[in-house]
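J.: Sharing a structure here in structure tokens format.
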Amino acid sequence: MSTACCPGSFDPVTLGHLDIVSRAASLFDQVSVAVLVNESKRSLFGLEERLAMLREVTADLPNVTVDAFDGLLVDFCADRGIGAIVKGLRSGPDLDYEMPMARMNVGLRHVETVFVPTAAAWSHVSSSLVKEVASLGGDVSGMLPSPVHAALVQRLAERRSDT
């Protein structure tokens, strides 16, 4: 059985993320969406919220599971018998950033990285840019799954009312 993981912070999950996950699901028998636990990074959504959103928006992909991990991604992969990491690439700088990690992952645990070019429709989308645009009143509804967009709008409204 071929297995892969799609790692990330997914804060929040975008349609670009979902495109990569669904394409990975068509290439591998089993795909684990691996959500990074990073206590030092200030996220808009908590870990449990991100896990729940991802489970909801991948529910139609029967060979996809959603899990959290901390520490080294290759240890997560080794513990679960996952042989490949799938990463989406939007542009050359993404490749420059990802390539050393891909080489390190092979060196540490013999886990290969498969690069999937981001679909042109999502090549400009990132979670941080989506959050920034939404916080300034821009319409990002076409970049997020509907339930994620609703959660983002609500969270930003809560943040505004707290200040």
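The values are calculated or read from the model by the stated rules, or taken from the named source; none is laboratory data. If you're wondering where the values come from, they're calculated on a predicted model, not measured in any experiment. Here Cβ is always computed from backbone atoms with ideal geometry, including for glycine, and neighbour counts include all displayed protein chains.
J.: Restricting to the range 135-163, what's the tally of residues that are more than 14 Å from Val13 (Cα to Cα) and touching a helix residue (DSSP H, G or I) at 6+ places or on another chain (Cβ under 6 Å)?
T.: 2
J.: Determine which member of the set Val125, Val106 is closer than 20 Å to Leu15 by Cβ and either modelled with pLDDT of 95 or more or touching a Leu at 6+ places or on another chain (Cβ under 9 Å) (or both).
T.: Val125
J.: Could you say which residue among Val125, Val111, Val133 is surrounded by 15 or more Cβ atoms within 10 Å (Cβ to Cβ), within 30 Å of Leu152 (Cα to Cα) and of a type in the set (Val, Ile, Thr)?
T.: Matching residue, one of Val125, Val111, Val133: Val125.
J.: Something else: Would you check if Ala150 is loosely packed, with under 12 Cβ neighbours inside 10 Å, out of contact with any Asp or Glu (no Cβ under 8 Å at 6 or more places or on another chain) and not hydroxyl-bearing (Ser, Thr, Tyr)?
T.: In short, no.
J.: Can I ask one more? So which residues in the range 22-53 are part of a helix (DSSP H, G or I), free of Cβ contacts under 8 Å to residues at least 60 places away in the same chain, within 17 Å of Thr113 (Cα to Cα) and not hydroxyl-bearing (Ser, Thr, Tyr), if there are any at all?
T.: Ala25
J.: Answer yes if at least one residue in the range 69-78 is assigned to a loop (DSSP other than H, G, I, E, B) and in contact with a strand residue (DSSP E or B) (Cβ under 8 Å, 6 or more places away or on another chain), and no otherwise. Step through it out loud before you land on a result.
T.: Residues of the range 69-78 that are assigned to a loop (DSSP other than H, G, I, E, B), as a first pass: 70-72.
Subset that is in contact with a strand residue (DSSP E or B) (Cβ under 8 Å, 6 or more places away or on another chain): 70.
Yes - at least one qualifying residue is present in the range 69-78.
J.: Mind counting the residues in the range 50-69 that are surrounded by fewer than 17 Cβ atoms within 10 Å (Cβ to Cβ) and over 13 Å from Ala25 (Cβ atoms)?
T.: So the count comes out to 5.
J.: Which is of a type in the set (A, V, I, L, M, F, W, C) and closer than 23 Å to Ser26 by Cα, of Leu152, Leu108, Leu156, Leu95?
T.: Values: Leu152 fails: closer than 23 Å to Ser26 by Cα; Leu108 fails: closer than 23 Å to Ser26 by Cα; Leu156 fails: closer than 23 Å to Ser26 by Cα.
None of the other options fit; the residue is Leu95.
J.: Here is a further query. Filter the range 34-56 down to residues that are under 15 Å from Phe69 (Cβ atoms) and of a type in the set (A, V, I, L, M) and give me whichever is modelled with the lowest pLDDT.
T.: Ranking the candidates gives Val37 first.
J.: Just name the residue that is surrounded by the fewest Cβ atoms within 10 Å (Cβ to Cβ) out of those in the range 25-49 that are under 23 Å from Ser146 (Cα atoms) and of a type in the set (Asp, Glu).
T.: For the range 25-49, the residue satisfying everything is Glu48.
J.: For the range 106-120, enumerate the residues that are free of Cβ contacts under 8 Å to residues at least 60 places away in the same chain and either within 23 Å of Gly46 (Cβ to Cβ) or not polar (S, T, N, Q) (or both).
T.: Val106, Gly107, Leu108, Arg109, His110, Val111, Glu112, Phe115, Pro117, Ala120, listed by residue number.
J.: How many residues does the range 70-100 hold that are hydrophobic (A, V, I, L, M, F, W, C), under 28 Å from Ala120 (Cβ atoms) and surrounded by 15 or more Cβ atoms within 10 Å (Cβ to Cβ)?
T.: Qualifying residue count, the range 70-100: 5.
J.: In the range 73-83, what count of residues is obtained for those that are touching a residue at least 40 places away in the same chain (Cβ under 8 Å) and more than 15 Å from the chain's Cα centre (by Cα)?
T.: Total meeting the criteria: 6.
J.: Does Glu56 qualify as being at negative phi, touching a residue at least 24 places away in the same chain (Cβ under 8 Å) and among the acidic types (Asp, Glu)?
T.: Here the answer is yes, as Glu56 does meet what is asked.
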